[in-house]
Structures are given as structure tokens and as C-alpha cells.
1. Taking residue 177, is it within 21 Å of the chain's Cα centre (by Cα), at pLDDT 75 or above and not in a loop (DSSP other than H, G, I, E, B)?
2. Which one is surrounded by the most Cβ atoms within 10 Å (Cβ to Cβ), of the residues in region 418-429 that are over 10 Å from residue 405 (Cβ atoms) and touching a residue at least 40 places away in the same chain (Cβ under 8 Å)?
3. Scan region 391-415 residue by residue and report those that are modelled with pLDDT of 85 or more and in a loop (DSSP other than H, G, I, E, B).
4. Give me a count of the residues in region 297-329 that are in a strand (DSSP E or B) and either under 13 Å from residue 256 (Cα atoms) or not assigned by TED's automatic domain parsing to the domain that holds residue 268 (or both).
5. When you look at residue 366, is it surrounded by fewer than 18 Cβ atoms within 10 Å (Cβ to Cβ), touching a residue at least 24 places away in the same chain (Cβ under 8 Å) and within 29 Å of residue 281 (Cβ to Cβ), yes or no?
6. Testing residue 265 on (1) more than 27 Å from the chain's Cα centre (by Cα); (2) at pLDDT below 95, one condition comes back false. Which one is that?
7. Name the residues in region 322-338 that are over 15 Å from residue 296 (Cα atoms) and out of contact with any strand residue (DSSP E or B) (no Cβ under 9 Å at 6 or more places or on another chain), would you?
8. Residues to consider are 376, 423, 372, 402; find the one that is in the same structural domain as residue 338 (by TED's automatic domain parsing) and within 30 Å of residue 176 (Cβ to Cβ).
């Protein structure tokens, strides 16, 4: 009996020793992502392939890594690049090349340089969101060489606009939302007049036909500005740590005011001015103060007036979110939850009131609660609600789609592996973004 037990323990000990020896000999390296890193650069530094790093970390998109993220570098990798000078890279013999993204570039401008489509570049690089690329990122260019075609030195003169239209030449920092606001038209109208399929893809120097415009110079904008591209910010109650927010790279601060009928717009002036004084752009979210509102319990007219008054402040916010989580009965009357009701009674009137007071303020639709629960009375699943919001014409009354990503238990690049073992898109950043973005056919930023 003793001999049998002794042999068993000896086998276990030997197994553990072998495992320890194996681990010591082939231990993986942990690398912390730094600003400016790409998977391609990290792979070259450690003498491994991008595919090997992706497989070791369950990454599905080679373009999405974040500063501070810890990556497992597969065993056998070195911590320094090879000592010999790498040969000068030449374009592969196959009909493809690479492009390193520079500051200010978009997929649209890159596609024009190489004479390929945006969709082709996105597909070749596994891109989910056509608006998210970053300086230093290396893109595979299908059907093109490593050298872009030389763009024309002069912009060809635009053809005469149709009768009843004016023209506008896109400048750096412009968005369709901002241009539409300046001319008093909708984004949808500009898109239709110019056969645009993606509201996020315009470029400097592009000449747009503006329906119903009165001249080539837009009316002066108000005191705010509309953001371009991916900007970083955080929500706070008191803005107690502005220096830490700036250190983290934040440019926006989000405040929330829970509105009640009778509220004065002056009540939020202090928050807005404090944010501006600290050097931030200000997003003001304005949901209702009453939880579980009763049937017909929201005073839509009073709320619309409040939005207009906030937009008319001497120091207005740069963006306003209209309501919040209106797909659940905590924020919207049970039995009356409806994207059509939200558009007709709140979003459209609110958008018009805000733009009438200050056309440069960015209008964001209320972010639904991310949930798969849907009984049609107390809650709508957020994907169904967003599809309904688009079908109800919501795109005409928003510059940006509101979204609440509340999970955060997995890396931004993950599409599986949540601790709850849930495959629902709302647990994962990329699928969540894609669900909302695609609900509007890519016509609005998220």
C-alpha cells in the first residue's frame, strides 16, 4: 500500500518538475502596449508574426490594441529586434501593398491615393468601423503597390450646381453635421444631393451641393464646435480631477443634469463653464429626474423648451444628449416605449430647438440601455430599439448616435471570453459599436 502510494506521489512530483522545467525553458513574454505601438511593430520587435500574437491573445482585429494592454508574446520570441539590419521591404509580387497611416488621413483619402475602394481596404484589414484608424497603423492596400498614385496638384473646377442648390468646399475639421447645421438643412438632404452613402466620409477640398442654400458662404456658427474622428473623454459629477483626466488624454467631459419640469437652464451654466475653464469640451446629458415615469408622465413641451434654453446660454455646451435609456421603463413610461414616440415627441423637437438656438451644438441621441431583455412593455432590446430609431427617421435629427457600453470586463478587441460566458454583443466593445453603427447603415458616427 505504502509502495503504491509512494510511486503515485513520485509520478506527480516528476510531472510537476517537468512542467516547471518546460515553463522555464519556454516561458512566454508579457509585453505592455505603449503609445504608437502596432501589432506589426511589436511582432517585428519580438521576431514573431502578427498572427502568432493574435492567436496567443485571442485577438480578432489586428488594428485594435490599446495603451496599457498586456500582450502575451509566444514562446521563443526575443525581447529585442534582430541585430542584423532588416532588408529594405519591397512590395509583394501579389497585387497588394502597405500604407502607414499619417495624421489627418481617413480611409477615404487613402483609398483615393491608391485608386481602390474603402470597402476593399476595410476587408483586407479586418476593419469593423471605417472611422477608426490611427497614425502609425499599417494598412494592407489590395490591388495597389507600395507607392500611392500622385494626387492632382490642383482641384478640378466643380460643375455648376443644380438649380436651387449652392456649393460648399469642405474645410479641415468639417463634418456633414456641422455643414448641415450651418446651412440650416439636414445631413440626409446633403447626402442625397451628393449621392453620399457614408456621412462620416468627406474630405478637405470636396465640393458639396447644398440643397436650398442661399450662397457659397454659410451663416456664422455659434460658440461650439463639432468634433472630428475619435475623441476621448470621461463622465464626472464635479470635475474634481481635471489634471488626471488631461494626463489620460481626455479632451471632453460629460456632465449629467436630471431634468424636472420647471428647471431653469441657468442651473447647468456653472457645470458647463467649469468644464470650459478647465480646457475641456462639454457634453451635457439631459435625462429625466423621475424614475419609472407613469403613463403620459413626460412633459415633452417643457423638456423641449429646456433644451432650447440650454443651447441659448451665453456659454453653451458643445454637445447635448437628448434623454437616456428610453428603451426601459426606468426612464420611459411602461407600455409606451417606442422609438417612433421618442423621435416624434422628443428627438425631433429637441434637435430643432437646439439648432435654432445654436446650430453648432452637436446633438446626440439618447443612449439606450444595453440589454437583451424585451417584453415590449417594460423594455425593448437595444438592438431592436436602434433599428426602430433608424426606421422612424431618427438620423435626420441627430449628429451622433448615443451608446452606453457598460461591460468592460474584456479587452476592447475581444469578441468572446466574457466571465459571464455570454455571447451577447453588449458585453463586447466592437460588436456593440458595430450593432449601433450598422443600424443606421453607417450614415452616422457613434
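1. Answer is no for this residue.
2. Result: 425.
3. 392, 393, 398, 399, 401, 402, 403, 404, 405
4. 4
5. Details: surrounded by fewer than 18 Cβ atoms within 10 Å (Cβ to Cβ): no; touching a residue at least 24 places away in the same chain (Cβ under 8 Å): yes; within 29 Å of residue 281 (Cβ to Cβ): yes.
Spelling it out, it is not the case that residue 366 is surrounded by fewer than 18 Cβ atoms within 10 Å (Cβ to Cβ), touching a residue at least 24 places away in the same chain (Cβ under 8 Å) and within 29 Å of residue 281 (Cβ to Cβ).
6. It is condition (2) that residue 265 fails.
7. 325
8. Numbers: 376 fails: within 30 Å of residue 176 (Cβ to Cβ); 423 fails: within 30 Å of residue 176 (Cβ to Cβ); 372 fails: within 30 Å of residue 176 (Cβ to Cβ).
After applying the criteria, what remains is 402.
The values are calculated or read from the model by the stated rules, or taken from the named source; none is laboratory data. It should be emphasised that the depicted structure is a prediction, and the values quoted were computed from it without experimental measurement. Glycine gets a Cβ as well: all are built from the backbone with ideal geometry, and neighbour counts include every protein chain shown.
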